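Right, one structure below, let's go through it.
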Amino acid sequence: MIRNPEIVVIGGGTGLSVLLRGLKQFTPNITAIVTVADDGGGSGKLREDLGMLPPGDIRSCLLALANTEPTMEKVFQYRFDEGALKGQSFGNIFIAAMNEIYGSFELAIKEASNVLSITGKVYPMTLEDVRLHAELENGKIVYGESKIPIEALKENCKIKRIYMNPKISYPLAEAVESIKNSDLIVLGPGSLYTSVIPNLLVNNIVDTIYNARAPKVYVCNVMTQPGETDGFSVFDHVNGILNHSREKFLDYVIANTEEIPEEILEKYITDGSRPVRLQAEDELNLAKKGIKLIKGRLIDVEKNYIRHDNIELSKLLVDLANNGNNNGGNSFTAI
């Protein structure tokens, strides 16, 4: 067994930060590699106003790994509700200030990590000003991460592929080293096309992950997302990853099998979201790809929001880091 395994988690959004809060209970050796393609909300405004990379997803990951007083987290999460700063979080403004002080987004994140005394490390996937675009199945091109699900819904059309401009962007050297030296590489959970896959579009990162000695696991979302993954099965999510990477890119997929209470689902269904249910054909298709399936009861409901149970999920991931190369078969129930 590896004590305190080195685990790299790649993604963005709420899903990544939720997982990190659980994972830090089991190992201090965590590296979060976070997308910087966001162009909406408070992050997007700072990006346009100050010419900096979007801080929102990185802020959430820093707070998830922070070891500070609860008051500090409240301050960082606080959003102004009046004036020119309406909708902006203090944490975003803090990172923007650090960026101005140190003249480098990379240094700003390192210093913010020190201030928050985080467990592990948080890196942006790239320091370049990347913009996310999508080609829909009807041929329409959508420019901008925040517009992709909106336009897909408006066109009633699925996403065919996503890509970034500039076409060539380079990952942080520290992120690459973390991937090479890890005991487990985790993709997700998070928005498939706007949080997870954007990281795979950075130059050479697919080959870096593929050639790393560590097992690679994708954590499938428990709910579909309107405009991104409407009607998607577990295998559809996996196919999205493979279509933007390469064959034999993944060793494992973790999928939820726990039923969600109907009263909790009502709000989500009204908003166009559905549970991602594991089907028998998903298992067959994954087996054909040589991807091992791990099934678990992984639902946590907090304040009527459906999330992964980050403690149970973290236990699975730490077990994979320790034993991932020794599990036989294509499918097993972990919980």
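Taking segment 230-244 on its own, how many of its residues are under 15 Å from R274 (Cα atoms) and free of Cβ contacts under 8 Å to residues at least 60 places away in the same chain?
Residues in segment 230-244 being under 15 Å from R274 (Cα atoms) and free of Cβ contacts under 8 Å to residues at least 60 places away in the same chain: 6 in total.
Give all pairs with beta carbons closer than 9 Å in which a residue from segment 247-273 that is at positive phi meets a residue that is among the hydroxyl-bearing types (S, T, Y) and not in a helix (DSSP H, G or I); count only pairs at least 6 apart in sequence or on separate chains.
G272/T224
If I go through segment 280-335 residue by residue, how many of them are among the charged types (D, E, K, R), assigned to a loop (DSSP other than H, G, I, E, B) and modelled with pLDDT of 95 or more?
3
Answer yes if at least one residue in segment 97-110 is surrounded by 21 or more Cβ atoms within 10 Å (Cβ to Cβ) and not hydrophobic (A, V, I, L, M, F, W, C), and no otherwise.
yes
Need pairs with beta-carbon distance below 7 Å; first residue of a type outside the set (D, E, K, R) and within segment 96-111, second modelled with pLDDT under 95 and part of a helix (DSSP H, G or I); sequence gap 6+ or separate chains.
Within 7 Å, the pairs are A96/L46; A96/L50.
What's the total number of residues in segment 33-86 that are surrounded by fewer than 24 Cβ atoms within 10 Å (Cβ to Cβ), touching a Gly at 6+ places or on another chain (Cβ under 6 Å) and of a type in the set (G, A, S)?
Summing the residues that are surrounded by fewer than 24 Cβ atoms within 10 Å (Cβ to Cβ), touching a Gly at 6+ places or on another chain (Cβ under 6 Å) and of a type in the set (G, A, S) in segment 33-86 gives 1.
Which residues, taken from segment 81-96, are closer than 14 Å to I58 by Cβ and either more than 22 Å from the chain's Cα centre (by Cα) or of a type in the set (A, V, I, L, M, F, W, C) (or both)?
The answer is I93, F94, I95, A96.
Restricting attention to segment 241-268, report how many residues are surrounded by 12 or more Cβ atoms within 10 Å (Cβ to Cβ), modelled with pLDDT under 95 and part of a helix (DSSP H, G or I).
Count: 4.
Of V206, V301, V238, V234, which residue is among the hydrophobic types (A, V, I, L, M, F, W, C) and closer than 24 Å to E6 by Cβ?
Result of the check over V206, V301, V238, V234: V206.
The values are calculated or read from the model by the stated rules, or taken from the named source; none is laboratory data. Note that this is a predicted model, so its numbers are computed, not measured. Note: ideal-geometry Cβ built from the backbone for every residue, glycine included; neighbour counts use all protein chains shown.
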